[in-house]
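Novice: The structure follows.
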Amino acid sequence: MYFYNLLNTVDRYCKDGNFEEKNLAEGLVNILQNNLNEVRNHQLQKDELQQYVHLVFSLSDAGSLKVTLNKIGKQTQCKVLAFNDWFSIGPISNLDTTTGQQNRCFWLMEYDEAFRYGQHFNQEHQLDNMVKVVKDIPENKTIVIWCADNAHDQTGLRFVLHLLRERKQPVNVVNVTEIVKATKLQNKEGVPYARSLIDHEHFQEIVRSYFKGVPLDPSQRRRYESEWLILARENHVLRLWEEGTVRSSDENSLDEVIIKSVMELEQEQDEDGFIKAGRVVEKMFDISRQLVGYSFISYRIWILVNQGILMFRGIPGALHQFSIKLGT
């Protein structure tokens, strides 16, 4: 607010001020311009040093990668860009166009209360901005895409390669699931289907060894680009990782896993037969090993409640504040 008032005062002095006021305004304009030039030059120097542009598919993964790059002393060489979308859910037809992005937003507003009230909004990481940023990455920068074996990351990978289909330079990929398998790292969660399941020390080892990425074979790159076109044409609202690839699925494909999770948590029932919904979601992820987001599972739980398959007790819409049990 102070800065806004200052600019208004400078503008008024320039237009209607007396001789002294105009001189003062001119001096302030010069100071501001010099500071802006310094900031711009600093950013240009920083961009010049950043040889590697890392792409990830969640803000939490971006934070982990930035911290790790800093720990191993590679932060000045690397820039980290993050999408803030769940690519395993929602329509994806024409996702690189305004129309496709709007259609996706309309769907998300229907099922995701957090999205509807803008809790995920961050313009820097929004889809329309990220599409432009990815397309504008200079050819002299090395692109490194980070992913794991789940439908969210793998759909995102295919989408980014679609955006980069005109790029002449190779694109590098780091698949943390494959690296853990190949190096036989002893991860406490077993073979990870998401980056968040990798121990910090093991992830640091992976980043230190693979921060430059692994060049993607040209034929594999073209195959991923083709697979994106197929997924976008199918335009389902749920995608799962099955048998080493992304498969379009019916919206209710995980409902049986949710019900199974409730049944397997029988020992955690309270005196009325209810189980904390958060535990059901955790169990569902353990069983399915799918990465589709809490909001989608919450949405499907409420569908099952409305169908009478599950019963609830608590605050509607607040997944962490209610309990569920099988309907009668």
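Novice: Given the structure, is residue 135 open to solvent by 80 Å² or more (accessible area, probe 1.4 Å), more than 19 Å from residue 61 (Cα to Cα) and at pLDDT 90 or above?
Specialist: Here the answer is yes, as residue 135 does meet what is asked.
Novice: Hey, any hits in the range 287-299 for a residue that's open to solvent by 30 Å² or more (accessible area, probe 1.4 Å), farther than 18 Å from residue 92 by Cα and not hydroxyl-bearing (Ser, Thr, Tyr)?
Specialist: yes
Novice: Counting only residues that are modelled with pLDDT of 90 or more and surrounded by fewer than 18 Cβ atoms within 10 Å (Cβ to Cβ), give me the helices (runs of 4 or more DSSP H) lying completely in the range 35-121 with at least 1 of them.
Specialist: Correct list: 59-71, 98-111.
Novice: Name the residue that is nearest to residue 97 (Cα to Cα), counting only residues in the range 159-211 that are of a type in the set (S, T, N, Q) and in contact (Cβ under 8 Å) with a residue 40 or more places away in the chain.
Specialist: 172
Novice: Filter the range 248-281 down to the residues that are assigned to a loop (DSSP other than H, G, I, E, B) and of a type in the set (A, V, I, L, M, F, W, C), then identify the one that is surrounded by the most Cβ atoms within 10 Å (Cβ to Cβ).
Specialist: Residue satisfying both the conditions and the ranking: 254.
Novice: Test residue 61 against the stated conditions and say whether it is touching a residue at least 40 places away in the same chain (Cβ under 8 Å), more than 22 Å from residue 233 (Cα to Cα) and touching a Lys or Arg at 6+ places or on another chain (Cβ under 7 Å).
Specialist: Here the answer is yes, as residue 61 does meet what is asked.
The values are calculated or read from the model by the stated rules, or taken from the named source; none is laboratory data. These numbers come from a predicted model, not from an experiment. We place every Cβ from the backbone using ideal geometry, glycine too, and count neighbours over all the protein chains shown. Note: accessible area is taken over every heavy atom of the protein model, side chains too, but ligands, DNA and RNA are not part of it. Shrake-Rupley method; radii C 1.70, N 1.55, O 1.52, S 1.80 Å.
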